[in-house]
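Values quoted throughout were computed directly from the atomic coordinates according to the rules given, and no laboratory measurement underlies them. Keep in mind it's a predicted model, so treat the numbers as computed, not measured. Cβ coordinates were reconstructed from backbone atoms using ideal geometry, including for glycine residues, and neighbour counts include every protein chain displayed.
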Amino acid sequence: MTEDNSRYRYLITLKLYRDADFTCGDRQGCIDRFENPVTANVFTSNGSKVLSSVYLYIAFTRPLIDTLKNPCLAPQAQHLEVAFYTATIELPPVVGGYYVSSQRCCRGEKLSNIYDSEHEGSTYYTVIPGIESRPNNNSAYFDRDTAIVICNAMPFSLDYAAYDEDGDSLTYNLCSALTDGSSANESNSTTPPPYNATVSYIPPYSGNNPMGGNPGISISSKGLITCTPNLQGKYVVTVCVNEYDPVTKQFLGTHSKDILLTVFNCQTKITAIFPPVLNNCTEDPSLHVPITNSSVAGFTSTYYWTFGDGTDTLTDTKTMFYHQYPDTGVYKVKMVVNPGLACTDSSEGEIFNYPGLTAGFTTTGYCKGDPVQFNDTSSYLYGNITGHVWDLGLLDSVVTPGSQRSMRYTFPKGDVYTISLTLLTDKQCVKTVSKNIRIYEVNPFAGNDTILAKGQQMVMQGSGGEFYSWSPADGLDNPNIAQPVLTYNKDISFALRVSNQQGCFGFDSVHVKYYTGPDMYIPNAFSPNGDGLNDYFRFIPVGITTYTFFRIFNRWGTEIYSSTNFRVGWDGTFKGMPAPVDTYIWILQGTDFNGKEILKKGTVTLVR
């Protein structure tokens, strides 16, 4: 505070605290970070607002961290953070003085002593004395910021004495935390003084009994808080410091501070834990063994190890460490937590120290239908490989003895397979190595058997790979492509070899029947009796490129079948029922590859 003629300049400092490990998630209105800036408002003692809202900005933040350093208790940690907000204002001295307040919603965390604390607001204020008192007074303030791990059922003390630059007399009491005085907690409020709206405490808690205990919480005349809590949880505790002029004994004002105290369950059962059996199966042939420690212990616990080789060590860390053994073998290991203390425990185990196991394999062959050879390239410096388990990415695995270093398998289709090799040894070491291999395949197809009309050219329909070879090459314009053009004048069969760039190959064949057409060949009878012979009545087109219609009528002129798909034909039914044995009339029209229209009519006899 400084004086400027009839006005005073005041430095306003607001300290806010938060649990640095707390996060809101998706809770509406919750804030898990420091807002910057925050607002404050200035009122006269009768509640009139002066100045516009004052914006306080963070000057700096400071972490407050404490870890319970007890070898017999759980290593609990308290992690708080405090932000210092500042702003400077100028005010003339007035009768009754001023109230400077900052109010907001919400407290955010679930507290054990306040109803609906996540939506409960807060008010922080200080008093500037009036002209009838000391308008140039400096407020008392709490200059000790600390975090403390508090254990349930264990006494604690916390020094929360305040400091006053003017040397004023200070008294302390536990008081009620203030809410923001607003019925709508979704936004910060600007409630004028007096500030007497308190949070809703959950019975039996109150402002002067904010966390219970046995003995209960109290504060001394020097600002020392003591308590032996009897229930774990998070509690808001509010300390009020009252300031008096040391000469006149005149009351100058009250300053309060909300403290977030977390009571932990620090009790734990000290338990020594490390692997009961540890196999050193590393590829590295050196004899140093990594040992992990998973014990349940305190932050300052110690660990005494004996390694079975005549050596021992005492350490205060749980991090993994390495022990160098003089030779291979099986060693008895023991670990004692907190040796010499009442809270001790021990555990024993065995280390099988036979390193130098390397797992690997190679493959030869990549084609579906051809055996793929797997070659084991594994080695074991200090042991013997007694078996191999090959997981081929299918339902079954293949097991081979240790002496068999290779294995062959024929894959049913082309695909990417994850192949795993698991090694079994005579030293309890098991190791698995995996890799992906691609099996390639070709699907040779020379096309369906077909017909060729006199004077007609036809494109062959090979597919299924990357490289093609037709045999014989008779009548083909290029026998080494998938779809060569055939010009021929008699029946012929072709063999097609299809391959890919990985060397996989396969064969297929196709038969081409030669007719002197173009024409359409139609039988004069069929027998749809289900014996597989002549069950359908259909035409055979030779050199016909388009089909206009193919219709069948009974003797009374009723159309009973119509289609242009010569591969299907009539199955001898009409409206889902077998047609009677009789003679039927058909008519067929199409266009040959020369553009000539062909129209044919005739009869067919249905027999059964």
| message | Expected output is a single nm value to one decimal: the length gained when fully extending between Glu132 and Asp32, i.e. 0.36 nm times separation in residues minus the C-alpha distance. What is it? | response | 31.7 nm
| query | What residues have an amide H closer than 5 Å to that of Glu350, excluding those fewer than 5 places away on the same chain, when H is modeled at 1.01 Å from N in the peptide plane? | reply | Val277, Leu278, Val333
| message | Can you return the lysines within cross-link range of Lys435? Criterion is Cα-Cα under 24 Å, with same-chain partners fewer than 8 residues away left out. | response | Lys368, Lys413
| message | For percent of Cα pairs over 47 Å apart, one of [x] 59; [y] 13; [z] 8 was computed from the structure I shared and the rest are decoys. Which label? | response | [x]
| query | Near the amide H of His323, under 5 Å away, which other amide H atoms are found, from residues 5 or more places off or on another chain, if H is placed in the peptide plane? | reply | Val289, Ile291
| message | Can you compute the charge dipole magnitude of the stretch 357-439 about its Cα centre, using +1 on each Lys and Arg Cβ and -1 on each Asp and Glu Cβ, nothing else charged? Give it in debye, rounded to the nearest 20. | response | 140 debye
| task | Note the direction-averaged projected area, equal to a quarter of the hull surface, for the Cα convex hull of the stretch 277-353, in nm². | result | 5.1 nm²
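Step by step: find N for the stretch 50-104, compute 2.2 N^0.38 Å, then divide the Cα radius of gyration by it. What's the final number?
Ratio of Cα Rg to 2.2 N^0.38 Å: 1.95.
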| Check Cys266: other-chain or 5+ apart residues with amide H under 5 Å from its amide H, H built from backbone geometry? | Asn152
| How would you rank 345-354, 411-420, highest first, on the average number of other Cβ atoms within 10 Å across their residues? | 345-354, 411-420
| request: Please check which bits of the stretch 42-76 a label hung off Met154 would reach, taking the label as a point 7 Å along Cα-to-C-beta and the cut-off as backbone N under 18 Å. | output: 65-76
| field | Whichever aspartates and glutamates have a C-alpha closer than 18 Å to that of Lys334, once near sequence neighbours (fewer than 8 apart) are set aside | value | Asp309, Asp312, Asp316, Asp345, Glu348, Glu350
| If you place +1 on the Cβ of every Lys and Arg and -1 on the Cβ of every Asp and Glu, how big does the dipole about the Cα centre of the stretch 55-188 come out, in debye to the nearest 20? | 300 debye
| request: Rounded, prolate or oblate: pick one for the stretch 519-606, where a ≥ b ≥ c are the square roots of the eigenvalues of its C-alpha gyration tensor, a/c under 1.5 means rounded, and failing that, prolate if a/b is larger than b/c, else oblate. | output: prolate
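Need the full-extension length gain, Ala342 to Val389, defined as separation in residues times 0.36 nm minus the C-alpha distance. One decimal, nm. Don't skip to the end; give the middle numbers.
Details: separation 47, 0.36 × 47 = 16.92 nm, distance 4.97 nm.
Once the chain is fully extended between Ala342 and Val389, it gains 12.0 nm.
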| Cα to Cα, under 13 Å, and not fewer than 8 places away if on the same chain: which aspartates and glutamates meet these conditions relative to Lys15? | Glu35, Glu81, Asp143, Asp145, Asp258
| request: Within the stretch 463-524, report the trypsin sites (Lys or Arg not before Pro) that DSSP leaves as loop and that have at most 12 other Cβ atoms within 10 Å. | output: Lys490
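Go ahead and run the numbers for FRET between Tyr57 and Asp312, Cβ-Cβ distance against an R0 of 56 Å, rounding to 0.05.
Given R0 = 56 Å and the Cβ-Cβ separation, E is 0.45.
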| note | Checking the stretch 239-305 for trypsin sites (Lys or Arg not before Pro) in a loop per DSSP with at most 12 other beta-carbon atoms within 10 Å yields Lys249, Lys269
| Selection of GluC sites (Glu not before Pro), the stretch 104-165, meeting DSSP coil and at most 10 other Cβ within 10 Å | none
| FRET efficiency, Thr605 to Thr358 (Cβ-Cβ, R0 51 Å, nearest 0.05) | 0.05
| said: Can you compute 3J(HN,Hα) from phi for each residue in the stretch 260-268, using the Karplus curve 6.51 cos²θ - 1.76 cosθ + 1.60 with θ = phi - 60°, rounded to whole Hz and x for Gly and Pro? | reply: 9, 10, 9, 9, 9, 8, 8, 5, 8
| request: Go through Asn209, Thr254, Ala177 and say which Cα lies farthest out towards the positive end of the charge dipole of the stretch 159-273; charges sit on Cβ, +1 for Lys and Arg, -1 for Asp and Glu. | output: Asn209
| Taking the stretch 173-302, how many lysine pairs are there with alpha carbons less than 26 Å apart, if each pair must be eight or more places apart or span two chains? | 6
